[in-house]
1. Fully extended, how many nm does the chain gain between ASP81 and HIS354 (0.36 nm per residue separation, minus their Cα-Cα distance)?
2. Report, in whole Å, the centroid distance computed from the Cα atoms of the range 385-422 and the range 59-94.
3. Quick check: pseudo-label points 7 Å beyond the Cα along Cα→Cβ at ASP270 and ALA305, how many nm apart are they?
4. Over the chain, with a Gaussian network built from C-alpha contacts below 10 Å, which listed residue (LEU310, LEU88, LEU410) shows the highest mean-square fluctuation?
5. Quote the FRET efficiency, to the nearest 0.05, computed for ARG245 versus THR296 with a Förster distance R0 of 51 Å and r equal to the Cβ-Cβ distance.
6. Give, in whole angstrom and from largest to smallest, the semi-axes √(5λ) of the equivalent ellipsoid of the chain, with λ running over the eigenvalues of the Cα gyration tensor.
7. Given the chain, what percent of its DSSP beta bridges are antiparallel, to the nearest 5?
8. Using Stokes-Einstein with the Kirkwood hydrodynamic radius over Cα pairs, what translational diffusion coefficient do you get for the range 132-222 at 4 °C and a viscosity of 1.567 mPa s, in µm²/s rounded to a whole number?
Amino acid sequence: MRGQSATIAAVVNAVREDRLWQHLMEIATIGATGRGGVNRQALTPEDAKARKRLLMWAAPRGFSASVDAIGNVFIRRPGQDATASPVLAGSHLDTQPTGGNFDGIYGVLAAFEVLEAASDAGVVTQRPLEAVVWTNEEGSRFQPTTMGSAVFAGALPLETALATTDTAGISVASALAETLQDLAIPQQRAFRFPIAAYLEAHIEQGPILEAAQQTIGIVSGIQGLRWFRIEVTGEEAHAGTTPRRIRKDAFVTAIRMVTALQELMYDEADTVRFTVGRFEVTPNSPNTVPSRVLFTIDLRHPDAAILIRLGDQIEPMCRAQAHGCGVSVVETLNSPPIAFDPAIRDLLRKAAAHHALPHMDIVSGATHDAKYMVDLCPSGMLFVPCRGGISHNEAEYAAPSDLAAGAKTLAEVMLELASNHP
Ligand SMILES: [Zn+2]
């Protein structure tokens, strides 16, 4: 019998860059837009087709599939101990309407590559290895984002998710029923089944790794997010006859607020993410003083205390700039930052170092399914660079060698976790 490190090395060596790339390119044909990207939104026929392709690759390997009530699909390579909880890795394969060929699907196929490599190496792990496809991570057709993992983890009631409709009035329940019928997976899986550890590989979707010439990002956590909706109320008046002194100009007031907030949010380290993404002016007429402005704030930071402090200053800051206009500030979303398990981060760091891959710690600016797994089991994520930091874009691109490096790192950590049976 081989020692554990030799076993792990055999699996890592069996990870194939060409096969991983070929799988990625094959899935990229499903929902291809003809402009280099894909439109494979959640619970569409394209989503079902991509899942079926994966099942088609799994079957001859002898991997079994199961599905839960929100459509999350689990592909299992059994371990020696059938009662042991699995080491799970994966991501999503739905995309934005003009999505790229790597966001989400890379994490699914990297996990699947680890299962295949383990089989090619003829290795028997103690724990089962499983690859997961989470339903509707993107949230472009059905809101919210990360729906499948949220329902799995108990953060979103199943009934609420099923009742959600798209803009055509089609519910998740009916779209899911069609997808499940198409997939025809007999084995049902419960939510929150015991999991030994969860890992997710993903393209960075930002410019940091590429700029630093690093291959592997050890994700320390996912930054927190607060959303605000600010409504400024003034008074409509004739643009030609009303002197400045007596105006209640909602637009000028809103601009003053945004400028003051911009200064408040300034940090030398450039860690705060502050965005005014929507700005609606009423009545939006060239010769009327605006009576009402609605604007939104998207505020993000990895440090919970800083996110609380900055977010809580938004309302008093707006009030201080109101000068006679009315103002209402409503917080519409509050998602605290999460931190990944230090032991998993350590394993990822050691694995990257072991394979001489340049690596660095990095905070995730975007949300991911892994966010909901931290409450269930030790969890972690790794990033690989994507060209120009471009994502949610048909031009999204990641190099085959970087993708393979991420899969090798994933393989090393999954095998480490799957072989150490207590
Ligand atoms: Zn994604």
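1. Extra length available between ASP81 and HIS354 comes to 95.5 nm.
2. Computed from Cα coordinates, the inter-centre distance equals 19 Å.
3. About 2.6 nm separates the two model spin labels.
4. LEU310
5. 0.95
6. Details: eigenvalues 396, 111, 71 Å².
Taking √(5λ) for each eigenvalue gives 45, 24, 19 Å, largest first.
7. Around 65 percent of the beta bridges assigned by DSSP in the chain are antiparallel ones.
8. 82 µm²/s
The values are calculated or read from the model by the stated rules, or taken from the named source; none is laboratory data. These figures come from a predicted structure and were not determined experimentally. Reconstructed Cβ throughout: ideal geometry from the backbone, glycine too, with neighbour counts over all protein chains shown. Surface accessibility is based on the protein's heavy atoms, side chains included, excluding ligands, DNA and RNA. Shrake-Rupley method; radii C 1.70, N 1.55, O 1.52, S 1.80 Å.
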